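All remarks here apply to the structure that follows.
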């Protein structure tokens with residue numbers, strides 16, 4: 001099978017010659033944009049012989065007239081922007097160049113952080129620091145948004161919708177640039193806190209998540225990534241996407257739990273926080289074998305639960321993961 005055929009077989013619920021496998025990480029600031037970003041993605045793909053490519057997106061969301069969100073007045077100044085504004089155009093250029101180099105045989109999806117994650121980013125000064133997200137749900141950014149919610153809930157809702165409209169247009173342009181889908185990153189344990197209200201995600205985020213997905217409804221390879229510890233796995237798994245990805249090892253639920261409960265294809269199986277950086281190659285291979293045992297007759301894609309730390313993970317562990325997948 002070609003790499004594309006292998007992935008498409010799983011999307012159709014069919015067993016390929018071996019489970020498709022991929023992994024991803026944030027590149028350093030020098031490899032975020034331009035030809036350096038293209039080369040970094042291609043080297044990563046070629047080094048580990050990956051079956052599909054997640055295009056990382058470390059291009060900062062445009063701040064427009066709001067350099068830093070600290071008040072409800074700042075929230076009201078956030079307006080929808082064209083999907084190719086400022087750094088977003090750099091991500092579209094990266095997608096176009098990768099599509100030209102990879103051709104039709106490699107399916108790609110590109111990262112889109114949902115509006116809450118974007119708003120969190122806007123409450124701090126711009127930074128090019130990136131790494132695997134922590135499972136601890138709360139930091140000072142969440143405290144800032146909680147305070148804004150307490151002061152003016154409608155202003156927060158309006159800002160999230162404006163951000164969502166920008167991201168929906170950006171997502172549409174990503175497909176036009178050559179991506180086969182988006183990798184929409186969502187996280188509800190940041191949102192549904194005691195201070196914010198247990199139904200805040202349903203109230204403010206689910207409608208804009210769906211708006212973004214509606215913008216790319218015709219794409220064949222949309223992935224929903226549940227970051228952190230999903231509180232409502234069932235609701236996320238009902239999103240109109242082809243694939244779901246989550247940290248089954250560190251956050252749960254297990255592949256065995258999800259196997260007969262979700263419609264989208266499953267991409268999971270390897271622990272990005274502990275086993276990949278700290279385990280042995282054999283431990284990584286065993287997690288792949290265990291993931292396939294849990295899946296039983298259901299075809300799945302092998303992937304880590306989230307980004308891995310490229311400075312901490314030995315290449316031998318990644319190669320062991322890929323080789324174990326190829327052995328099926």
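Helix 206-215 and the longest principal axis of the C-alpha atoms of the chain enclose an angle of approximately 60°.
Report the rotationally averaged projected area of the stretch 237-302 based on its alpha-carbon convex hull, in square nanometres. Taking the Cα atoms of the stretch 237-302, their convex hull projects to 4.2 nm² on average. Note on the chain: GNM, Cα springs under 10 Å; of 122, 213, 135, the largest mean-square fluctuation is that of 135. In the stretch 121-239, the convex hull through the Cα atoms has an average projected area of 7.8 nm², a quarter of its surface area.
The modelled label-to-label distance for the pair residue 5/residue 36, using points 7 Å beyond Cα in the direction of Cβ, is 3.9 nm.
The mean of 1/r over all distinct Cα pairs in the stretch 1-53, once inverted, gives the Kirkwood hydrodynamic radius of 12.3 Å.
Of the listed peptides 4-11, 244-251, what is their order by residue-averaged count of other C-beta atoms within 10 Å, with the highest listed first?
Most protected by this proxy first, the peptides run 244-251, 4-11.
At full extension, residue 15 and residue 282 could sit 93.7 nm farther apart than now, given 0.36 nm per residue minus the alpha carbon distance.
With neighbours defined as other Cβ atoms within 10 Å of a residue's Cβ, the residues 71, 127 order from fewest to most as 127, 71.
Modelled spin-label separation between residue 234 and residue 100, with each label point placed 7 Å from Cα along the Cα-to-Cβ direction: 4.9 nm. In the frame of its principal axes, the stretch 174-265 has Cα extents of 41, 31, 18 Å, reported largest first.
The protection proxy used here, the mean number of other Cβ atoms lying within 10 Å of each residue, ranks peptides 109-119, 304-314 as follows, highest first: 109-119, 304-314.
With coordinates expressed along the principal axes, the C-alpha atoms belonging to the chain extend over 57, 41, 36 Å, beginning with the largest. Rounded to the nearest 10 degrees, what's the angle between the helix 281-295 long axis and the longest principal axis of the chain, both from Cα atoms, 0 to 90? Relative to the chain, helix 281-295 is tipped by roughly 80 degrees.
Relative to the longest principal axis of the Cα atoms of the chain, the long axis of helix 88-102 makes an angle of roughly 20 degrees. Cβ crowding within 10 Å, taken as a proxy for footprinting-reagent exposure, orders 70, 141 from fewest neighbours to most as 70, 141. Measuring max minus min along each principal axis, the C-alpha atoms of the stretch 219-328 give extents of 36, 28, 27 Å (largest first).
Under the 0.36 nm per residue contour assumption, what length would be gained going from the current alpha-carbon distance of residue 128 and residue 76 to full extension? List each step's numbers first, then the result.
Details: separation 52, 0.36 × 52 = 18.72 nm, distance 2.59 nm.
My answer for the length gained is 16.1 nm.
Can you give the convex hull volume per residue for the Cα atoms of the stretch 273-328, as a whole number of Å³? Display every interim value, and only then the final one.
Values: hull volume 4.0 nm³, N = 56.
For the stretch 273-328, the hull spanned by Cα atoms encloses 72 Å³ per residue.
Indicate the gyration tensor shape class of the stretch 68-140 (rounded, prolate or oblate), computed on the Cα atoms with a ≥ b ≥ c the square roots of the eigenvalues: a/c under 1.5 is rounded; otherwise a/b larger than b/c is prolate and the rest oblate. Oblate, since a/c reaches 1.5 and b/c is not below a/b. Note on 59, 18: ascending count of other Cβ atoms within 10 Å places them as 18, 59, the fewest first.
Where a number appears in this text, it was derived from the coordinates with a stated rule and is not lab data. Bear in mind that the values here come from a model prediction, so they are computed numbers and not experimental data. Heads up, the Cβs are rebuilt from the backbone with ideal geometry, glycines too, and the neighbour counts pull from every protein chain shown.
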